[in-house]
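Reading through the structure tokens given below for one structure.
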Amino acid sequence: MRLIGALACVFLLSIAGASFGQDKEQVTSERARANFARPIVLGPDDVRAFADAPAGFRDVHAGVAQGQVVELAYDSGITGTLRRAQIYLPAGYSADRKYPVLYLLHGIGGNQDEWRGYVRAHTILDNLIADGKAVPMIVVMPNGRALPDDRSPPEERVFTPGNAAGFAKFEHDLLDFLIPAVEAKYSAYADREHRAIAGLSMGGGQALNFGLSHPDAFGWVGAFSPAPNTRPPAELLPDPEAVRERVALLYLSCGNRDGLINVSQDLHAYLKRHGVPHVWNVDDHGHDGDSWANNLYHFAQRIFR
Ligand code: FER
């Protein structure tokens, strides 16, 4: 009996391990702290693709029309709860035309408010669209922690396996519940050419994991400082040729002061080895909002065109 109990226990633990399948590591606070402090070794490719955005790019400017940010609540069959996303509708949004949609994902401690909070994604988009540098688009900022309790956890629980597991579970919440809810409610194109996915840190890992494994759903993929939840490159792109053919833009960025840069360096090396075209922008920031704001500025100009 005891042996069966022990076997069952090993079996259950291995299922639990598999549920972090996209996270090859068990996330713990100690591990996360050590990850952030990894030694940074820069190679010759680890340089800027773009200069930082001009001063004021995420400030509100007089005379620039502002979009609206509204809340969408949708039923999720993954969590069994009503979940909330923030939806940016560009200035002049009208049901008489259709818009492409960018799904923009937050970090491990954040929620649906992170991008429009200190990063100010909505203002970056307002300014780019007003300047004709980005096409008018809907930006969906969901809660990427697909758990019945999806609130940002207190500091000491940010790196628990349970919190991290919610980010893996978001894959089917996104594909099967959020995207249909967005497309039912807003005037959005509903094809891969008009759907992009990007994210910061944990959300950057999600964008790579979900975007590259569902090329029928997303034509444009951006990862800003992707975290260790990123699947290993050979798992992300088992068929580099397919990605080369189908993904219109694969955008990867990281700050040269970010202790997680080796995640991106490994992916860049793999993409280069397999001849998969991509942007690799290594800026002078850390694991911070300045890097994410700048890379959203560059990414948003290069999608849907
Ligand atoms: C890790 C797993 C996830 C980690 C960081 C993250 C530092 C995510 C960070 C973020 O979203 O900011 O092991 O190590």
Checklist entry - Do we have any residue at all in the range 151-162 that's open to solvent by 40 Å² or more (accessible area, probe 1.4 Å), among the aromatic types (Phe, Trp, Tyr) and part of a loop (DSSP other than H, G, I, E, B)? => result yes
Checklist entry - How do the strands (runs of 3 or more DSSP E) wholly within the range 39-122 filter down when requiring 2 or more residues that are away from the ligand (no atom under 16 Å from the Cβ), surrounded by fewer than 21 Cβ atoms within 10 Å (Cβ to Cβ) and not small (Gly, Ala, Ser): which remain? => result 68-75, 82-89
Checklist entry - Can you pull out the helices (runs of 4 or more DSSP H) entirely within the range 218-305 that have at least 3 residues that are more than 15 Å from the ligand (Cβ to nearest atom), modelled with pLDDT of 95 or more and touching a Leu at 6+ places or on another chain (Cβ under 8 Å)? => result 261-273, 289-301
Checklist entry - Here are some residues: Ala146, Ala181. Which one is touching a helix residue (DSSP H, G or I) at 6+ places or on another chain (Cβ under 7 Å) and either surrounded by fewer than 16 Cβ atoms within 10 Å (Cβ to Cβ) or within 17 Å of Leu72 (Cα to Cα) (or both)? => result Ala146
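The values are calculated or read from the model by the stated rules, or taken from the named source; none is laboratory data. Note that this is a predicted model, so its numbers are computed, not measured. Neighbour counts run over all protein chains shown; Cβ positions are idealised from the backbone, glycine included. When the accessible area is computed, the model is the full protein with side chains, heavy atoms only, and any ligands, DNA or RNA have been set aside. Shrake-Rupley method; radii C 1.70, N 1.55, O 1.52, S 1.80 Å.
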